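The values are calculated or read from the model by the stated rules, or taken from the named source; none is laboratory data. In this text the structure is predicted, and so the values were computed from the model without any measurement. As a convention, Cβ positions derive from the backbone with ideal geometry for all residues, glycine included, and neighbour counts pool all protein chains shown.
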Ligand code: BES
Ligand code: ZN
């Protein structure tokens, strides 16, 4: 028998899409200070949505962007669920690669195109709309529901951690739900039980006081660009193994069962090459592509700057060179250990006449969540009801820094229920979210409250 909320979802589907478009029109780019007012508008927009549902809403100011906290605590004795998400988005460039402008949401082929469509506004709104359907039809929710929606996820969640630390009682819950990941493939919804962590650095080298003529001085004075290229080039060997001392010491290896499960997903390298328009793949020897992406640590240069980049040629020996680089971590590596190892590695390879500064940006450990829990079973049932097919279990390679903080400070595990698709273009041009999945996800979320609500023995 269809639940009362199901017909409400059908009746209001068009408005749910229009409301998502309203949110997507606000360019809430957290990394760019010129968008400060827009991030505030995006925070206020979602606060307004939650307020309209009758939730108690607070806008918490931080040194960065505001945090929105909202709660509905009317389900006495039932479990308490905390939904976390983010209203901030990544910068939209390269702008000229967008078919329609990033902050003018456009519908094409059943998708909504805009920056933030899948990461993460579209996914966050599914839970708000599921709560709306319950409250407007039943007048109540079957669970106690808390929302924590921040504006700094894409820049490392630095102001959220102190908020969580200072508000443990307020945030107390039985389970956390985050929709900020992807399905395994179209028609194959997934529950993600592992995420990689991150350790992000900037390395700055300085040589002579100013740029020099490379003919006059080249060969006698260390060139910071040469030095940086050599130092960074040595970080990963021919086998794809990272050379930072102690890097693999605490890595939790893949279990034979996981390797079997990944292999059973019938992943196709050729498909990936086609999707990414590359002629081949590479990575750590002895691991499959899914293993490399989901469960092995990596090192990637994210930006590289030195010398002359203008038109034509200039024979210069640059006085400076710098790089941004990040490591994706797996349990039980820590950003602090990686930083120590990186400093040792780079310092010992610094040539004479070159000095180095290493800036550590954000960091977070990787996570694995338990597979055996009543909440996991509830999520499986809810997704089967929403998507018409049960979810597969996956790990993912991206990072959501606050998940490990939640575990550490609140002692609570997270259900990562991702509604996006891997080809959604998160962080790139033409980001999209499938509208049919938006509606399936809202339905799944509404069923999730129902299934979690049936669980007894709530502890908070
Ligand atoms: N939604 C992503 C996280 C994600 C991406 C999880 C892909 C699983 C698969 C999130 O918004 C994100 O991009 N996070 C950043 C975190 C970083 C800035 C600390 C990331 O992973 O780069
Ligand atoms: Zn995200």
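Scanning the range 247-285 for residues that are under 30 Å from residue 346 (Cβ atoms) and in contact (Cβ under 8 Å) with a residue 40 or more places away in the chain returns 247, 248, 249, 250, 251, 252, 254, 282, 283, 284, 285. If the condition is being in contact with a strand residue (DSSP E or B) (Cβ under 6 Å, 6 or more places away or on another chain) and more than 15 Å from ligand 1 (Cβ to nearest atom), then the range 84-109 contributes 100, 105, 106. Of the helices (runs of 4 or more DSSP H) contained entirely in the range 360-458, those carrying at least 3 residues that are modelled with pLDDT of 95 or more, within 15 Å of ligand 1 (Cβ to nearest atom) and under 30 Å from residue 250 (Cα atoms) fall at 402-405. Looking only at residues in the range 154-171 that are at pLDDT 95 or above and out of contact with any helix residue (DSSP H, G or I) (no Cβ under 7 Å at 6 or more places or on another chain), the one that is nearest to ligand 1 (Cβ to nearest atom) is 159.
Could you say whether any residue in the range 132-143 is within 12 Å of ligand 1 (Cβ to nearest atom), farther than 23 Å from residue 395 by Cβ and surrounded by 24 or more Cβ atoms within 10 Å (Cβ to Cβ)?
Within the range 132-143, not a single residue is within 12 Å of ligand 1 (Cβ to nearest atom), farther than 23 Å from residue 395 by Cβ and surrounded by 24 or more Cβ atoms within 10 Å (Cβ to Cβ).
From the list 72, 45, the lone residue that is over 23 Å from the mean Cα position of the chain (by Cα) and on the phi < 0 side of the Ramachandran plot is 72. When the residues of the range 332-352 are filtered to those that are out of contact with any helix residue (DSSP H, G or I) (no Cβ under 9 Å at 6 or more places or on another chain) and part of a loop (DSSP other than H, G, I, E, B), which remaining residue is farthest from residue 293 (Cα to Cα)? In this case the residue turns out to be 352.
Strands (runs of 3 or more DSSP E) wholly in the range 27-120 with at least 2 residues that are farther than 17 Å from residue 402 by Cβ - which ones? Per the criteria, 56-60, 67-72, 106-108, 111-113.
Pairing residues of the range 97-110 that are under 13 Å from residue 21 (Cα atoms) with residues that are assigned to a strand (DSSP E or B), at Cβ distances under 7 Å and at least 6 apart in sequence or on separate chains, gives 105/112; 105/113; 106/113.
Here's the yes/no breakdown for (1) closer than 22 Å to residue 66 by Cα; (2) surrounded by fewer than 20 Cβ atoms within 10 Å (Cβ to Cβ); (3) within 13 Å of ligand 1 (Cβ to nearest atom); (4) at pLDDT below 95:
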residue: 116; (1), (2), (3), (4): yes, no, yes, no
residue: 123; (1), (2), (3), (4): yes, no, yes, no
residue: 128; (1), (2), (3), (4): yes, no, no, no
residue: 190; (1), (2), (3), (4): no, no, yes, no
residue: 198; (1), (2), (3), (4): no, no, yes, no
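Of all the numbered requirements in (1) touching a helix residue (DSSP H, G or I) at 6+ places or on another chain (Cβ under 8 Å); (2) within 16 Å of ligand 2 (Cβ to nearest atom), residue 409 misses one, and that requirement is (2).
When 79, 66 are checked against the criterion of being within 17 Å of residue 127 (Cβ to Cβ), touching a strand residue (DSSP E or B) at 6+ places or on another chain (Cβ under 9 Å) and touching a residue at least 40 places away in the same chain (Cβ under 8 Å), 79 stands alone in meeting it. Look at residue 233 and say whether it is under 30 Å from residue 336 (Cβ atoms) and within 16 Å of ligand 2 (Cβ to nearest atom). Considered against the rule, which asks whether it is under 30 Å from residue 336 (Cβ atoms) and within 16 Å of ligand 2 (Cβ to nearest atom), residue 233 comes out as no. Select from the range 335-358 the residues that are surrounded by fewer than 16 Cβ atoms within 10 Å (Cβ to Cβ) and either under 23 Å from residue 408 (Cα atoms) or within 15 Å of ligand 1 (Cβ to nearest atom) (or both) and list them in ascending order. Result: 336, 340.
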